[in-house]
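One structure is given here, and the rest of the page talks about it.
Since every read-out is calculated from the coordinates, none of them should be taken as a lab result. Remember, predicted model here, so these are calculated numbers, not experimental data. Note: ideal-geometry Cβ built from the backbone for every residue, glycine included; neighbour counts use all protein chains shown.
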Amino acid sequence: MKKIVGFWNPSVILTYLGLEISVLGMYLAAKQVHVNFVFVCFIIAGICDVFDGAVARKIKRTEEEKAFGIELDSLADVISFVVFPIIIFCRLGYLNIAHLVIYLLFAVAGIARLGYFNVTTAESEGPVKYYMGLPVTYTALIFPIFYPIAALAENIVPTYYSLPICMLIVAFLEVLKVRVAKPKGIAYAIVSFFAILYIIYYIVSAL
């Protein structure tokens, strides 16, 4: 592997896996496969991102490999949690000019949030205890949870409006300068439990 660009070791396996699952989800969206299976890919990509850091920290790495891991994670996040959600919303049929404006704002907010995270992480000493602004990864939890709730309230507020508004709010929260606690300990188990629960819900609902 020394003749291949990049650092290829077990510490980045989950990052690459999450990225590939996101690409699979985009492919399914383009093929007009049931949107529930697209959401399943989105949730799994989120799970991979939640645990990739914990896995990487357990593996012995050089400082260069650590720096590579940070950059790789953010680049993968652009695909999985900035581009992929936009693809999902397009798959749902939200394609007018107002939706496009929201997508543009969401994209800018997402990459700004990731760029800021990379800079502050490079300057910080020791593990990050909290995030500044809503992490883009949280979209893999927010959108899959909000989608069925919005569908139930379709007669009150059509999802054609409620879901794009949700995306706009998320974009604002990503660049809002507020501290967001970093999950730790039992929080990982809770997130995993709800992720599995929603994966089962989406699969069963599609059958």
Within the stretch 65-79, find all residues whose amide N lies under 15 Å from a label point positioned 7 Å from the Cα of Val5 along Cα-to-beta-carbon. 72
Starting from the Cα gyration tensor of the stretch 122-207, take the square roots of the eigenvalues, sort them a ≥ b ≥ c, and report rounded, prolate or oblate (rounded when a/c is under 1.5, otherwise prolate if a/b is larger than b/c, else oblate). oblate
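Give the order of Ile102, Ile4 when sorted by the count of other beta carbons within 10 angstrom, beginning with the fewest. Before the final figure, lay out the partial values.
Values: Ile102 20, Ile4 7.
Lowest count first: Ile4, Ile102.
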Mind telling me which of Pro144, Pro183, Pro164 comes out most flexible in a GNM of the chain, alpha-carbon contacts under 10 Å? Pro183
Name the residue farthest towards the positive end of the dipole of the stretch 10-206 from the options Pro183, Val33, Tyr116, assuming +1 on Cβ of Lys and Arg, -1 on Cβ of Asp and Glu, about the Cα centre. Pro183
On a 0 to 90° scale, report how tilted helix 35-57 is relative to the longest principal axis of the chain, with both axes built from alpha carbons and the result rounded to the nearest 10. 20 degrees
Go ahead and estimate [θ] at 222 nm for the chain from helices alone: -39,500 (n - 2.57) per DSSP H run with n ≥ 4, summed, over the residue count, rounded to 500. -23500 deg cm²/dmol
Where a Cα-Cα gap under 17 Å defines reach, which lysines qualify for Lys184, not counting those fewer than 8 residues away within the same chain? Lys58, Lys129
Of the listed links Lys66/Lys177; Lys60/Lys177; Lys66/Lys182; Lys3/Lys66, those spanning more than 23 angstrom between alpha carbons are Lys66/Lys177; Lys60/Lys177
Would you work out which of Ala76, Thr62, Cys90 lies farthest towards the positive end of the dipole of the chain, given +1 charges on the beta-carbon of Lys and Arg and -1 on that of Asp and Glu, about the Cα centre? Thr62
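State, as an integer percentage, the relative contact order of the chain based on alpha-carbon contacts under 8 Å between residues 6 or more apart. Walk me through the numbers on the way to the answer.
Details: 213 pairs, mean separation 55.0, N = 207.
Averaging sequence separation for qualifying contacts and normalising by length gives 27 percent for the chain.
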